[in-house]
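Working notes, structure below.
The values are calculated or read from the model by the stated rules, or taken from the named source; none is laboratory data. Just so it is clear, the structure is predicted and the values come from calculations on it, not from any experiment. Neighbour counts run over all protein chains shown; Cβ positions are idealised from the backbone, glycine included.
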Amino acid sequence: MYVSRLRLATAAIFMQVLLGVIYSWSVFRGPLAQLHGWTRAETIAPYRYSLLAFAAAMIIGGLWQDRKGPRVVATAGGLLLGLGCLLAAFLGDTLNGLIFSYGIVAAFGVGFAYVTPIATCIKWFPDQRGRIVGLAVMGFGVGPLLFGPLLEILIGKDATQFSTTIPRTFLILAAIFFIGVVGAAQLYQVPPKGWLPPGWTPPVGRAAAVEVAPRQMLATWQFYVLWMLYFFGTAVGLTAIGEATPLLQEMAKSTAVLSAGAALGVMSICNGLGRLAWGSVSDRFGRKPAILLMCAVSVLACLGFLRTAGSFGILLSGLCLAAFAYGGYLALMPSLTADYFGPKNVGANYGLVFSAWGLCGFLVPGYFAGIMDRARVAGNLALGYDEVYWKLALIATIGAAVAALLRPPRHIR
């Protein structure tokens, strides 16, 4: 059984690294703006729609994998992700074409594939729930470490070649996902019914005493607290990731020590480490204390670094702190869902909770991109960033207030 658990964890991390391409979208934004003359609000649109479609696919994929198992759902996800990138190579010269191909088709593939390793690992590692989910989704967070520099190389810096290099990049991505994601999916399986790690007894207050179906979960107030916490808690990280490359490129004109792609890779390391670190902290000290600390780090990132960033180093430090705190939510929210409502239906239940992440990703980065477009027109980007990050700090503070309400459902004793 140990060998099986190790194999599954390895396959999960590998697949999540590939799925982490979704966090590298900001690398495309500058070249697309130069090629088509699109605004910031337009270049971030495929990213926004991809997060919304990703979350919708999580709900469908979660229900599907709870019934049919992870292998078939992850395989379908790999095929859709590859198909979406393939379509983007041919439809990506228009904004609507790019939204449909990459922002919807490919993102549905990411959602289908993403939910399966999380649900599978939760079932195989009830004794290390926070740590193993953090380790699995760490791969997703560090995906830009691979894809950020790779996309920069593939797209290049010659604006006269973007009409050729951007479609070619999508074709290469399609091949990677057809082979890598579909291949990793074949290693997934679920443990036998009632299986527990040898010698392990579920601790009181950590594992759900009963299994709660999605409809029952929706009748509890805890679901809505988790949902709001996910929405407010991830707003800082999702906005920082979406704006990272344009912001780094602007700052790099005067004080750069790294390329924007390399800096995005450093940020992705912090994102990934946050998933592992906060998951481990929550296993040892509790989910709520970990989440409150994550909110505090988000506020510090916004007010202590990003709002007043005057150099490349301060900016990158703030982005890394935001990514580090953000990564914790992707590790802790699946664990909290399983803690409160049981592991049996965690695929579907977490998919419903995850819809908060998708709606946040669709609404919040677009709202703040609009602020930056208006600031650019007014010729005062510094004022725009100041408004963005004090508002994000306020949102993170609201997240902390919501986290303080967390209580297990009554069936947990």
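Quick rundown of the values:
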{"item": "Matching option when the condition is closer than 25 Å to ALA260 by Cα, without any contact (Cβ under 8 Å) to a residue 12 or more places away in the chain and assigned to a helix (DSSP H, G or I), among ALA33, ALA41, ALA107", "result": "ALA33"}
{"item": "Some residue of segment 235-248 being more than 15 Å from the chain's Cα centre (by Cα), of a type in the set (S, T, N, Q) and over 20 Å from MET372 (Cα atoms)", "result": "no"}
{"item": "Candidate set: segment 277-317, residues that are touching a Phe, Trp or Tyr at 6+ places or on another chain (Cβ under 6 Å) and small (Gly, Ala, Ser); chosen: the one surrounded by the fewest Cβ atoms within 10 Å (Cβ to Cβ)", "result": "SER317"}
{"item": "Residue in segment 55-66 that is touching an Asp or Glu at 6+ places or on another chain (Cβ under 7 Å), modelled with pLDDT under 90 and either surrounded by fewer than 22 Cβ atoms within 10 Å (Cβ to Cβ) or not in a helix (DSSP H, G or I) (or both) present", "result": "no"}
{"item": "Criterion: closer than 24 Å to THR239 by Cβ, of a type in the set (Lys, Arg) and in contact (Cβ under 8 Å) with a residue 24 or more places away in the chain - qualifying residue of ARG48, ARG71", "result": "ARG48"}
{"item": "Test set (1) modelled with pLDDT under 75; (2) more than 30 Å from SER26 (Cα to Cα) - THR245 fails condition number", "result": "(2)"}
{"item": "First in segment 299-313 and in a loop (DSSP other than H, G, I, E, B), second anywhere and modelled with pLDDT under 80, Cβ under 8 Å, 6 or more apart", "result": "ALA309/MET251; SER311/MET251; SER311/THR255"}
{"item": "Criterion: surrounded by fewer than 21 Cβ atoms within 10 Å (Cβ to Cβ), out of contact with any Ser or Thr (no Cβ under 7 Å at 6 or more places or on another chain) and either among the charged types (D, E, K, R) or part of a helix (DSSP H, G or I) (or both) - qualifying residue of ALA369, ALA375", "result": "ALA375"}
{"item": "Meets criteria (assigned to a helix (DSSP H, G or I), modelled with pLDDT of 95 or more, under 22 Å from VAL115 (Cα atoms) and out of contact with any strand residue (DSSP E or B) (no Cβ under 7 Å at 6 or more places or on another chain)) for LEU238", "result": "no"}
